[in-house]
Every structure is written in C-alpha cells, then in structure tokens.
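**Student:** Sharing a structure, written as structure tokens. Questions coming.
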Amino acid sequence: MSETVTADVVRRVAELALLELKDDEVARMQKDLNAILGHIDQLNELDTAGVPPMAQVSEILGGQVEASAEALREDVVRPSIDRNAVLREAPEADHRFFKVPKVIER
Amino acid sequence: MNLETLSIDQARAALTSGETTATALAEAHYERIAQKDDEINSYLSLAKDRALAQAAKIDALLKAGDPLPPLAGIPLGIKDVLTMVGSPATAGSKILEGYHPPYDCTAVAKLEAAGAVLLGKLNCDEFAMGSSNENSAYGPVHNPRALDRVPGGSSGGSAAAVAAGFCVASLGTDTGGSIRQPAAFCGVTGLLPTWGRVSRFGLIAFASSLDRIGPFTKNVKDAATLLGVMAGSDIMDATASHTPVNDYVAESQKPVAGLKIGVPEEYFGEGLDPEIRAAVEKSIADLKAAGCEIKKISLPHTRYAIPTYYVIATAEASSNLSRFDGVRFGLRDKSASTLTGMYRQTRDAGFGAEVKRRILLGTYALSAGYYDAYYKKAQQVRTLLTRDFLSAFNEVDAIVTPMTPTPAFKLGEKTDDPVAMYLADVYTVAASLAGICGVSVPCGNTKDGLPIGVQILGKHFEEGMALRVAQAVENSQP
C-alpha cells in the first residue's frame, strides 16, 4: 500500500508543478490523489523484476516506428516561422524579446 | 440533401453531378450549425473566411472541368487541440484564450491540400483530458442522440458534430480512448491509427508517447479515405513513421472470409452492460457468418491497463503542460510582481480542476522517492500489456471487443468522482499503451435508442485489416 498523501505533500507537489492551490482545493486534491493512488496500487500485485520499462512503442517493435537513420531529416537550412508572428501572440513582448516580471530582487 | 447522413462519396457525387457546389455545401453546413449547435455546443469557432476561400477554389476547378483532388469540397471540422492558421486554438482551456497559432498542423494542412474545406474548430475536454467533454472551459458538449447525455470525450465535439450533420467528417485525437469512446457514444465511426502513423506536428501535446490524430466519419470507407490522406512521415515530427502508406480504401473493401478474429475474455467480464454485450456478440456472430474463424483469446494484463495509463499519461502531461506559463502565448495574470508568482497565478487562473489534478498526480509520480514505485513500475507493466497484444496477433488477424462498458451517461453523473470517470476507459487504454490501431464502429442501439459501438483492434501498421473487419461489421447492420 502506498502511504497516504497529506495536505503538506499536496502543497509541496503543487509548488514543484508551479500551481497555486487554495485551501479548499488542497483538501479536494488530497482526497482525489489518495483515491487514484489507491487504485494505482494494484500494479504492485505484479512481479515486474527483469521486465524492461517501455517509454514508447518503437522500442518494443525494434525501431520499426522510427526507421532509425531515416527519422532524421536532412540537415539543411529552412525558413522558420516569422519572429513577429510568434511574438504577436505573447502577452508582453517588445518586437525582439518576450517580456516577464523582474527575475532578480535587488 | 440529408446532411446528417452525407458521406464523402455522396458529397463528391453531388459536386461532380452539379447538384451542389463546394460553396453551397459549406454554406448549408454553416446554416445547420447556426440553427442547431446552440443545444449541442460542438463548435468553438468557425473559420468561414478560410473555408469559403477554399470552396471557391474547388468551385473554379469544377467549373473548368479540371481533375478534382480526393477530398474536393468536403466540409470537415477540426478538434481544437490542432492548430489552424487564422483560427484560435484553445485546447478547451482558458490558459490559451486569445491564442492564434502562426502555423498549421500537418494533418490539417494535408487534408486541405487534398481539397477539404475546414469549417472550424471543435469543442473538447481541456487539453484532451476527460471522458465526457465536461472538462471544457467553454461548456460541455451535448450528445446529439440524447441531449441530456454526454457525447463522450475528450473529442466530444468532433463526434457530436459528425453525428449532428455539422460536417461530413472531423478530426479528433486519442490518448486513452478519446476518439473511440465518443464515436461509440454518438453512433459514428472513429479510427485510431497506429502510434506514429499520422504526424502530430501542430497537435497541442498531452502525453506524447500516447497521443494520436484520427478521423470521425459516417462510415468505415470514409475513415480509410481520410487516413490515406493524412498518413506518412513528416520532417516536422521525428516520431512520424516512414513505414509505407497502404491503400486503406482498397484494403477495407476486401472480403473477410477466412480471417481469424480474436475475442478476449477479459473484455466481457463484470460491469459490461447486458445490451452492449448482446450487440457485440451479435457482431461477432455476423463475422462468423461472413466466414471468419472466431477464436477465444486472453490478454491477461488487461485489468492493469487503467492504473498504468493514469501514471504514464499524467507524468507526461505534467511535463508537456509546463510550457503554459504566461510567457509566450495565451493568458497572463498581470497582478504578480515576480516571475514565479506570475507563473503560478497564471496557471492557477488558466487551468481547470481536472488538468490541475493530472499535473499534480504526474508530478507526484515523477518526484524523487516515487519515480521507481510509480513511473518505472507503470512502464514495465506497459511492456507486459504490449506483449499480450503481440502474442495474440501471432494467432489472430484482428481482435473484437465492446467499445464502452455502458452507453452514454448523463451529464453530471460522474463529475464528482474522478476514479469512476477513469474506469469508463476500461476497454480503450490498453490499445493506447500498446500503440496498436483500432476502429470504433456502430453496431446497434439500446432499447432507449442510445448508440452502441464495437471495437476492432489491429496490429501495428495494419489499419487496412482493422478497417476491413470494421467494414464487415458495418455491412451486417440493418
């Protein structure tokens, strides 16, 4: 059985994920995470010693999905998306850079 | 012209015979959307300028008697997790409000290059996370077959728009069942291509080792047609396979006599609605009558698919969704005075409860001290689940299962219980984890008139075989 997730653990994980949670959200998430992790605990019924982990499908097919060398495109310069078109979508930009609030406090 | 049943072949015949024009066909769909979509809420935005410009081009070809591309004038809807220049891309989330992507999704661009008319963007669960379309920041979608019920999710808008005659076909995405389950709930055909078969460039990522793009259509042949247009490698997506693209339409129309069909006992256990069981068993009997050999098989790790999926999908989501931080696109909370404060407040204001829940679960599963117990363990079970399918496909050509344990449920019925909602994915997630292909095809209705779907699973890159068996199921419907 996994240990129970406490409200403090929820707050710490939220901080890692850069999520801000209100107190009522912490309580709700604590309840939900414990319910879901309780279900996930079933995986411990299986002995997986020696079973290789699978990150994606191509591994188990022996590279069939990304025909190895072919998956790399030719190394040539191509036009990319216009910088102004990208910066136009930013909440704050100055035609050259994305702008963000101050990073370092003096 | 009945838009609810209009297929690609019928639309093409109406265009070439002069019965209609591409412009008139697009306008007829827009008119129907204007009249009826208020009660369904399937479209989030319409792309009238782009659609009508494309329709005019097709009409010029028609007028000149020039050869027509394969999807000439066919009106399509696009799930709003795929980018389309000129249209907002919300992914069903407040955090992308106002974002207009400056590039086209490869799959969408290929459809347009083949003549399709892109009508607009379709509602979905926020970042494709959900099984009922109730997690959209822009309101739930209602099932056209029963307005008090969900259309399924996460591609609920894509399934509902096809069922309601708001487009001839649509694109959705499937990470853990998000094409197949809504197709079953709305009574349309949905195709899950093999992982890597269709480029994901321009798909707003949820879980990259699982995400796939596929079509919703009114029949199996249309799904084969759209796959043929979209499939293939892409210099913008290194995970798009170089495996040769087949003639899926030709393969789907071959007879099924002599094929071996596997029926896995694990998919017919407790919790399966009796009316769905009966309809799926009827489809299996129909395949037998068409000359297929039916074999009982076992996929022994099936019951571990949901817990495996919810570890892997949320871990990948917690990583993919870190890009939504108020810097480059969409929403920014401007009240914060520090960078970290801005990140946190933007993400708090922009993400809905289910997205936060999954980011937290994924971050927890990947965090120091838990990685081996959850993430690595789930990846090992993923290997076992995939081996189940690989050994089954040594014995059979395709596998037939129910698509969903129940028909479409009522709006609000499961929103307070995330575990109950996740369990609705019981028949879909194993194929997602294994990367194999599948088709969701209608196989009847409950006595209350709710659609029932059957799932046909095929080996990696054998979409032609899955579509062929799906076509036989479709042929046996009254």
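**Student:** Filter the range B:138-173 down to the residues that are buried (at least 24 other Cβ atoms within 10 Å of the Cβ) and of a type in the set (Ser, Thr, Tyr), then identify the one that is nearest to B:Ala14 (Cα to Cα).
**Tutor:** Per the criteria, the residue is B:Ser170.
**Student:** Can I ask one more? So which residues in the range B:235-254 are at pLDDT 95 or above, under 22 Å from the mean Cα position of the chain (by Cα) and not aliphatic (A, V, I, L, M)?
**Tutor:** B:Asn246, B:Asp247, B:Tyr248, B:Glu251, B:Ser252
**Student:** Could you tell me whether B:Ser318 is within 7 Å of chain A (Cβ to nearest Cβ), modelled with pLDDT of 95 or more and assigned to a helix (DSSP H, G or I)? Outline the logic, then answer.
**Tutor:** Details: within 7 Å of chain A (Cβ to nearest Cβ): yes; modelled with pLDDT of 95 or more: yes; assigned to a helix (DSSP H, G or I): yes.
Criteria met by B:Ser318.
**Student:** What's the total number of residues in the range B:434-445 that are outside any helix (DSSP H, G or I), within 14 Å of another protein chain (Cβ to nearest Cβ) and among the aliphatic types (A, V, I, L, M)?
**Tutor:** Total satisfying the criteria: 1.
**Student:** To continue, here is another question. For the condition in contact with an Asp or Glu (Cβ under 8 Å, 6 or more places away or on another chain), in contact (Cβ under 8 Å) with a residue 24 or more places away in the chain, among the acidic types (Asp, Glu) and part of a helix (DSSP H, G or I), what is the one hit in B:Asp9, B:Asp37, B:Asp59, B:Asp49?
**Tutor:** Values: B:Asp37 fails: in contact with an Asp or Glu (Cβ under 8 Å, 6 or more places away or on another chain); B:Asp59 fails: in contact with an Asp or Glu (Cβ under 8 Å, 6 or more places away or on another chain); B:Asp49 fails: in contact with an Asp or Glu (Cβ under 8 Å, 6 or more places away or on another chain).
Among B:Asp9, B:Asp37, B:Asp59, B:Asp49, only B:Asp9 is in contact with an Asp or Glu (Cβ under 8 Å, 6 or more places away or on another chain), in contact (Cβ under 8 Å) with a residue 24 or more places away in the chain, among the acidic types (Asp, Glu) and part of a helix (DSSP H, G or I).
**Student:** Let me ask something additional. Need the failing condition index for B:Phe461 against (1) over 18 Å from the mean Cα position of the chain (by Cα); (2) on the phi > 0 side of the Ramachandran plot; (3) not in a strand (DSSP E or B), just the number.
**Tutor:** (1)
**Student:** Criterion first (more than 14 Å from every other protein chain (Cβ to nearest Cβ) and under 17 Å from the mean Cα position of the chain (by Cα)) does B:Ile452 satisfy it? Give the derivation first.
**Tutor:** On the way: more than 14 Å from every other protein chain (Cβ to nearest Cβ): yes; under 17 Å from the mean Cα position of the chain (by Cα): yes.
Judged against the criteria, B:Ile452 is a match.
**Student:** With B:Ala240, B:Ala285, B:Ala257, B:Ala278 as the choices, which residue is among the aliphatic types (A, V, I, L, M), assigned to a loop (DSSP other than H, G, I, E, B) and more than 14 Å from chain A (Cβ to nearest Cβ)? Give the steps one after another, and end with the answer.
**Tutor:** Working: B:Ala240 fails: more than 14 Å from chain A (Cβ to nearest Cβ); B:Ala285 fails: assigned to a loop (DSSP other than H, G, I, E, B); B:Ala278 fails: assigned to a loop (DSSP other than H, G, I, E, B).
Only one candidate qualifies: B:Ala257.
**Student:** State whether one or more residues within the range B:120-130 are surrounded by fewer than 20 Cβ atoms within 10 Å (Cβ to Cβ) and under 18 Å from B:Leu331 (Cα atoms).
**Tutor:** If we filter the range B:120-130 for residues that are surrounded by fewer than 20 Cβ atoms within 10 Å (Cβ to Cβ), which is where we start, we get none.
Looking through the range B:120-130, none of the residues is surrounded by fewer than 20 Cβ atoms within 10 Å (Cβ to Cβ) and under 18 Å from B:Leu331 (Cα atoms).
**Student:** Could we say that B:Gly444 is modelled with pLDDT of 95 or more and either buried (at least 23 other Cβ atoms within 10 Å of the Cβ) or under 18 Å from the mean Cα position of the chain (by Cα) (or both) here?
**Tutor:** On the way: modelled with pLDDT of 95 or more: yes; either buried (at least 23 other Cβ atoms within 10 Å of the Cβ) or under 18 Å from the mean Cα position of the chain (by Cα) (or both): no.
When the stated conditions are applied, B:Gly444 does not pass them.
**Student:** Name, by its number, the condition in (1) within 22 Å of the chain's Cα centre (by Cα); (2) hydrophobic (A, V, I, L, M, F, W, C); (3) surrounded by fewer than 20 Cβ atoms within 10 Å (Cβ to Cβ); (4) modelled with pLDDT of 95 or more that does not hold for B:Met230.
**Tutor:** Unmet condition: (3).
**Student:** Another question, then. Tell me the helices (runs of 4 or more DSSP H) entirely within the range A:7-106 that contain at least 2 residues that are modelled with pLDDT under 90, within 9 Å of chain B (Cβ to nearest Cβ) and within 21 Å of B:Ser319 (Cβ to Cβ).
**Tutor:** Values: elements: A:7-16, A:23-40, A:57-60, A:83-87.
Fully inside the range A:7-106 and qualifying: A:57-60.
**Student:** Hey, does the range B:381-390 have a residue that's touching a Cys at 6+ places or on another chain (Cβ under 8 Å) and modelled with pLDDT of 95 or more? Write out each step before concluding.
**Tutor:** Keep residues of the range B:381-390 that are touching a Cys at 6+ places or on another chain (Cβ under 8 Å), which gives none.
No; the residues of the range B:381-390 include none that is touching a Cys at 6+ places or on another chain (Cβ under 8 Å) and modelled with pLDDT of 95 or more.
The values are calculated or read from the model by the stated rules, or taken from the named source; none is laboratory data. What you are looking at is a predicted structure, and each value in this text was computed from that prediction instead of being measured. Please note: Cβ atoms are built from the backbone with ideal geometry, for glycine as well, and neighbour counts cover all protein chains shown.
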